[in-house]
1. Can you pick out the pairs among Lys93/Lys228; Lys93/Lys240; Lys180/Lys231; Lys93/Lys168 whose Cα atoms lie more than 26 Å from each other?
2. Angle check, please: helix 221-232 long axis (alpha carbons) against the longest principal axis of the chain (alpha carbons), in degrees 0 to 90, nearest 10.
3. With the alpha-carbon atoms as the only input, what is the per residue convex hull volume for the chain in Å³?
4. Please check which bits of the stretch 167-202 a label hung off Tyr221 would reach, taking the label as a point 7 Å along Cα-to-C-beta and the cut-off as backbone N under 16 Å.
5. At 1.4 Å probe size, what's the solvent-accessible area of Glu215? Round to the nearest 10 Å².
6. To test your reading of the geometry: what angle, between 0 and 90 degrees and rounded to tens, separates the Cα axis of helix 63-77 from the longest principal axis of the chain?
7. Once you put a point 7 Å from the Cα of Asn236 and another 7 Å from the Cα of Gln72, both along the Cβ direction, what distance in nm separates them?
8. Dividing the Cα convex hull volume of the stretch 24-103 by residue count, how many Å³ per residue is that?
Amino acid sequence: MELGLAGRVVVVVGAARGIGEAVARAFLAESAVVAALDRDPAMPEIARQWPRALGITVDATCLAEVKAAAEQAENALGPCDHVVFAVGAGSGKYGFPFWNLEPGDWPRVLEINLIAAVNVAHSFAPRLIQAAARDVAGPSSSSPSLTFFSSVAGQMGSQTDPPYSAAKAALINFNQCAAKDLAPYGVRSNVICPGMVQTDLNRGVYEAWSRQQPEAARSTYEAWAAEKIQKVVPLNRWQKPEDSAALAVFLASNQAREITGQTMNVDGGFVMHW
Ligand SMILES: NC(=O)c1ccc[n+]([C@@H]2O[C@H](COP(=O)([O-])OP(=O)(O)OC[C@H]3O[C@@H](n4cnc5c(N)ncnc54)[C@H](O)[C@@H]3O)[C@@H](O)[C@H]2O)c1
């Protein structure tokens with residue numbers, strides 16, 4: 001299948017590890033050029049090991065930093081064609097019942113999971129609109145895109161981390177606003193929701209749960225996850241970072257040029273819509 005991504009400039013935010021890293025690698029495998037952004041100070045060094053990649057350390061909750069990174073990426077790699085937002089973080093507390101958290105725990109979680117995505121949308125939308133205009137005028141048409149990582153937790157009252165779930169739900173809603181606003185310019189916007197993926201973020205949910213349990217009720221990360229997966233994932237297995245990365249690549253490709261405003265689950269059947 002021709003994806004039309006060779007030589008395209010793709011910005012991946014949250015690319016230092018986990019799903020974002022897999023997304024960056026998947027685009028590189030399609031011969032795209034990648035600007036890898038992350039708050040991790042090691043991001044430039046990590047990206048130096050990859051072909052056709054530039055790593056920039058940036059805190060996505062800071063609009064000025066994201067705008068500066070967008071400028072830096074464009075100066076170094078050329079104008080961007082696609083953007084993927086794969087940042088995420090939990091509160092570090094187990095939110096069941098919700099009063100296990102303080103209201104004061106909410107703002108930072110909303111900043112990272114929602115406001116950072118809005119910062120990225122504001123910083124890159126004008127560039128993606130320009131990319132669409134260039135392509136219409138040029139010989140090969142592509143379909144510039146924004147893809148946000150949300151979560152199955154944003155589609156249900158997940159009794160895990162209420163501010164995380166609420167931020168992810170808001171991101172699904174914001175994606176629909178962005179998709180409608182950008183459609184007249186030929187830019188698409190979509191959401192991917194992973195289910196259970198073995199990353200630092202997922203382990204953090206276990207650790208928060210574990211701290212709440214009496215010593216005798218605690219189990220290992222593996223046992224906790226196996227029980228949860230068996231309960232809620234019909235395919236009864238972990239999803240891998242590469243599973244979501246494959247969809248991110250497809251959504252950015254020419255093959256997905258009619259797909260916008262959608263929320264797609266890569267979750268082994270955890271959430272089913274009809
Ligand atoms: N792992 C799962 O089970 C799971 C499930 C559902 C949704 N998700 C979502 O998938 C996405 C990727 O999650 P992951 O599991 O790979 O997490 P992860 O913790 O492994 O990676 C997240 C990355 O985001 C970066 N980051 C965090 N805050 C940042 C900030 N302010 N600015 C820039 N970078 C920042 C981190 O440094 C890290 O590299 C997130 O949106 C997450 O909410 C993950």
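The values are calculated or read from the model by the stated rules, or taken from the named source; none is laboratory data. As the structure is a prediction and not an experimental result, all values here were calculated from the model. Reconstructed Cβ throughout: ideal geometry from the backbone, glycine too, with neighbour counts over all protein chains shown. Side chains are part of the model used for accessible areas, which takes the heavy atoms of the whole protein and leaves out ligands, DNA and RNA. Shrake-Rupley method; radii C 1.70, N 1.55, O 1.52, S 1.80 Å.
1. Result: Lys180/Lys231 exceed 26 Å.
2. Once rounded, the angle reads 80 degrees.
3. Hull volume over Cα atoms, normalised by residue count, gives 131 Å³.
4. Once the point is set 7 Å along Cα→Cβ of Tyr221, 196-202 turn out to lie under 16 Å by backbone N, inside the stretch 167-202.
5. The accessible area of Glu215 comes to roughly 140 Å².
6. Once rounded, the angle reads 50 degrees.
7. Rounded to a tenth, the inter-label distance reads 4.8 nm.
8. Dividing the Cα hull volume of the stretch 24-103 by its residues yields 128 Å³.
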